[in-house]
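Q: Mind having a look at this structure? Questions to follow.
Just so it is clear, none of the values below were taken in a lab; they were calculated from the coordinates. What you are looking at is a predicted structure, and each value in this text was computed from that prediction instead of being measured. Methodologically, a virtual Cβ is constructed for each residue, glycine included, from the backbone with ideal geometry; neighbour enumeration extends over all protein chains shown.
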Amino acid sequence: MSGSPVVVKIGGSTLTHQDTSLKDLVALHKDGFQIVVVHGGGNVISQWTQKQGIRPQFVEGLRVTDAASLEIVVAVLTGLINKELVAQIHSLGGKAIGFSGIDGGSIEAYIAKPELGYVGEISHVNTEPIEAILNSGYIPMMAPLGFHRNDGSDHSGNPLNINGDTVAGEVARALSAERLVFLTDVPGILDANGRVVRRLDPRRAQNLMRSGIIRGGMIPKLNACLRALETASYA
């Protein structure tokens, strides 16, 4: 393997049979690229919460997560989606190890906005577990969860739900990744006229968010990119 890693965020749409993203990632890995994958699963989580009579709520693209929802989030991300993705990677001839940001103490976080419930803001990324998987020749497949840092509060040590885009950005930042790639089922960032924005600098990105043109789930993606750029060698 050569070069700095490439961090790829994939959405739940990757689980469909029509999506070729995993096949492409396996091919890149076999070609010598170090690939780190952070996956989402929002649609599947919403399906399971609705089965339990919990209506999904979002604030600026972040899922409001109460105690009952957190149990579902942890179970779906780590016990269902993560394992399905790892199984698909291996069925395609690749090699992956599934884990969450809790495992190995990879993602330390805290509750910054209590109104969102058990939603974490990342305070530290421990890259050792990720690098150990990379050095073993496998693709790290990370579910976006973290653990509450030990700050003496009642939440210390609790699992926290963290937006997958945010995790991808912070992991890319911590690894000084060569690239941060978001694979989505939408064409990209759209301007006020509904046209895809092909190139974007930080200043324009901030303006688009302040004006409300960029909203919903695209906000965490853009914030993740801006954070990753703070220490990246690419633009």
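Q: Compute the signed sum of charges (Lys and Arg +1, Asp and Glu -1) over the other residues within less than 12 Å, Cβ to Cβ, of Gly40. Please list the in-between numbers first.
A: Values: positive: Lys9, Arg63, Lys221; negative: Asp165, Asp185.
Here the count lands on +1.
Q: Of Val26, Val196, Val76, which has the largest mean-square fluctuation in a 10 Å C-alpha GNM of the chain?
A: Between Val26, Val196, Val76, it is Val196 that shows the largest mean-square fluctuation.
Q: With unit charges on the beta carbon (Lys/Arg positive, Asp/Glu negative), name the residue among Ala87, Gly188, Asn150 whose Cα is farthest towards the positive pole of the charge dipole of the chain.
A: Positive-most Cα among the choices belongs to Gly188.
Q: Could you list which residues have their amide H under 5 Å from that of Leu190, counting only those 5 or more apart in sequence or on another chain, with H placed in the peptide plane?
A: Amide H to amide H, under 5 Å and 5 or more residues apart or across chains, Leu190 pairs with Val197.
Q: Roughly how big is the chain's charge dipole about its Cα centre, with Cβ charges of +1 (Lys, Arg) and -1 (Asp, Glu), in debye to the nearest 20?
A: That gives the chain a dipole magnitude of about 760 debye.
Q: Projected onto the charge dipole of the chain (+1 at Lys/Arg Cβ, -1 at Asp/Glu Cβ, origin at the Cα centre), which of Val167, Leu208, Ile130 gives the Cα projection farthest towards the positive end?
A: Farthest towards the positive pole: Leu208.
Q: Where in the chain are the helices, taken as whole DSSP H runs, whose Cα atoms extend 18 angstrom or more along the long axis and whose Kyte-Doolittle mean reaches at least 0.5? Write out the running numbers ahead of the final one.
A: Values: long enough: none.
For the chain, where a helix must reach 18 Å along its axis and average at least 0.5, there are no hits.
Q: Quick one: which of 174-185, 126-137, 36-47 comes out on top by average Cβ neighbours within 10 Å, and what's the full order, highest first?
A: 36-47, 174-185, 126-137
Q: Related question: Quick check on the chain: helices-only [θ] at 222 nm, where DSSP H runs of length 4 and up contribute -39,500 (n - 2.57) each and the sum goes over total residues. Nearest 500, please. If you can, show how the numbers build up before the last one.
A: Details: 8 runs with 81 residues, N = 235.
Per the formula, -10000 deg cm²/dmol.
Q: Just to be sure I understand: of the beta bridges DSSP finds with both ends in the range 89-235, what percent are antiparallel, rounded to 5?
A: Within the range 89-235, antiparallel bridges account for around 50 percent of the total.
Q: How much FRET efficiency would the formula 1/(1 + (r/R0)^6) give for Arg210 and Val181, where r is the Cβ-Cβ distance and R0 is 30 Å, rounded to 0.05? Present the calculation step by step, with values, prior to reporting the outcome.
A: On the way: r = 26 Å, r/R0 = 0.85.
So, using R0 = 30 Å, E works out to roughly 0.70.
Q: Where the only charges are on Cβ atoms (+1 Lys, Arg; -1 Asp, Glu), what is the dipole of the range 124-235 about its Cα centre, to the nearest 20 debye?
A: Details: 12 positive and 11 negative charges, 136 e Å.
Dipole size: approximately 660 debye.
Q: What number of lysine-lysine pairs in the range 2-188 show an alpha-carbon separation below 18 angstrom, given a sequence spacing of 8 or more or placement on distinct chains?
A: 7
Q: Once amide H atoms are built 1.01 Å from N in the peptide plane, which residues 5 or more positions from Phe58, or in another chain, come under 5 Å H to H?
A: Val64
Q: Also, I was wondering about something else. Please list the non-local residues whose amide H lies under 5 Å from the amide H of Ile35, H modeled 1.01 Å from N, same-chain partners needing a gap of 5 or more.
A: HN-HN under 5 Å from Ile35: Val6.
Q: Along the Cα→Cβ direction, 7 angstrom out, place labels at Leu200 and Lys113. What is the inter-label distance in nm?
A: Spacing of the two 7 Å Cα→Cβ label points: 1.7 nm.
Q: Moving on. Determine the gain in length on full extension of the stretch Glu121-Val59; use 0.36 nm per residue of separation and subtract their C-alpha separation, reporting nm with one decimal. Mind showing how you got there, number by number?
A: Values: separation 62, 0.36 × 62 = 22.32 nm, distance 1.42 nm.
Value of the extension gain: 20.9 nm.
Q: Another question about this same structure. For semi-axes √(5λ) of the Cα gyration tensor in Å, the listed values are (i) 36, 16, 14; (ii) 33, 21, 16; (iii) 24, 23, 19; which was obtained by calculation from the structure presented?
A: Derived directly from the coordinates: (iii).
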